[in-house]
Amino acid sequence: MTTDQLLANIKKKQSFLCVGLDSDLNKIPGHIKNDKRAVFEFNKKIIDATAPYAIAYKPNLAFYECRGIEGWKDFELTVTYLRENYPDVFLIADAKRGDIGNTSKMYAQAFFESSDVDAVTVAPYMGEDSVKPFLQFEGKFVILLALTSNPSAADFQYYSSVDHKPLFAEVLDKSKTWGNVENLMYVVGATKASVLVKIREQIPDHFLLVPGVGAQGGSLEEVAEYGMNKRCGLLVNASRSIIFAGSDTDFAEKAEAEARNLQQKMAELLKQANLI
């Protein structure tokens with residue numbers, strides 16, 4: 001998928017919503033939990049309910065890999081279902097890989113050849129060697145961890161050198177020389193929305209994947225105010241607040257209502273920015 005295709009879908013759906021499929025088997029409604037393919041069945045219903053409002057989906061690999069081969073099957077079935085039924089959506093494997101050499105190359109092949117996703121989240125700590133193999137695939141994206149929303153992000157990400165430049169800013173400056181707007185995006189947590197002003201000065205044209213809106217308390221309005229660029233440039237992720245909005249037989253309907261509510265707010269923000 002290209003950025004132009006992604007932008008066309010943003011305008012079509014009047015949305016920049018990414019639904020995170022953090023499909024925790026322990027939280028899945030009881031009436032489907034005993035199904036052998038419970039996670040996949042849950043995902044299907046969530047996807048069908050939210051697809052009119054979402055332009056992207058982000059399975060978090062931890063919730064699949066923890067269940068071994070059965071979890072991986074659910075992930076692959078979910079990818080196939082999205083590709084066959086909703087081919088216009090942007091599909092992110094939230095895997096947070098970050099190794100080097102042949103290991104990084106094999107991770108890239110796992111997601112971009114063996115599995116048909118559009119993007120993978122990658123950690124930059126080991127430098128360009130951990131990112132470059134992912135950038136070799138045309139039409140695919142690296143989404144680089146820049147500034148995360150967890151409380152202990154400050155342990156390293158805000159560490160300043162003698163020129164008082166925080167580490168995450170160094171990551172942005174260095175990494176933007178590795179790729180371009182057609183193969184490189186960045187993760188920036190919504191709970192750090194005010195920092196987006198400085199981030200946009202460094203990377204004005206790249207897409208940002210912004211988690212933390214919803215259950216983590218980030219403000220959608222602040223994210224749009226500080227992070228939206230002239231083409232939108234945002235994928236705002238909500239996971240638990242949507243997929244676990246309900247815990248009974250009406251869980252899909254509750255998820256749809258949450259997704260629709262966010263999409264309506266996003267449509268208004270896009271109109272205010274004269275983007276639709």
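The values are calculated or read from the model by the stated rules, or taken from the named source; none is laboratory data. Computed from a predicted structure; not experimentally measured. We place every Cβ from the backbone using ideal geometry, glycine too, and count neighbours over all the protein chains shown. The protein model used for the area step is the full one, side chains on, heavy atoms only, and it has no ligands, DNA or RNA in it. Shrake-Rupley method; radii C 1.70, N 1.55, O 1.52, S 1.80 Å.
Yes/no per residue for (1) assigned to a loop (DSSP other than H, G, I, E, B); (2) among the aromatic types (Phe, Trp, Tyr); (3) in contact with a Pro (Cβ under 9 Å, 6 or more places away or on another chain):
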| site | (1), (2), (3) |
| --- | --- |
| Val181 | yes, no, no |
| Ala193 | no, no, no |
| His206 | yes, no, no |
| Val223 | no, no, no |
| Ser247 | yes, no, yes |
* Residues of the range 43-61 being assigned to a helix (DSSP H, G or I) and either in contact (Cβ under 8 Å) with a residue 40 or more places away in the chain or β-branched (Val, Ile, Thr) (or both), which ones? -> Lys45, Ile46, Ile47, Asp48, Ala49, Thr50
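Kindly indicate whether Lys45 is surrounded by 15 or more Cβ atoms within 10 Å (Cβ to Cβ), of a type in the set (Lys, Arg) and within 22 Å of Leu145 (Cβ to Cβ).
no
Determine, yes or no, whether Val117 is within 24 Å of Tyr186 (Cβ to Cβ), modelled with pLDDT of 95 or more and in a loop (DSSP other than H, G, I, E, B). Full working, then the answer.
Values: within 24 Å of Tyr186 (Cβ to Cβ): yes; modelled with pLDDT of 95 or more: yes; in a loop (DSSP other than H, G, I, E, B): yes.
Taking the combined requirement at face value, the residue satisfies it.
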* Unique match (being modelled with pLDDT under 95 and open to solvent by less than 10 Å² (accessible area, probe 1.4 Å)) among Val236, Val223 -> Val223
* To do: Count, please, the residues in the range 96-117 that happen to be among the basic types (Lys, Arg) and open to solvent by 80 Å² or more (accessible area, probe 1.4 Å).
  => 2
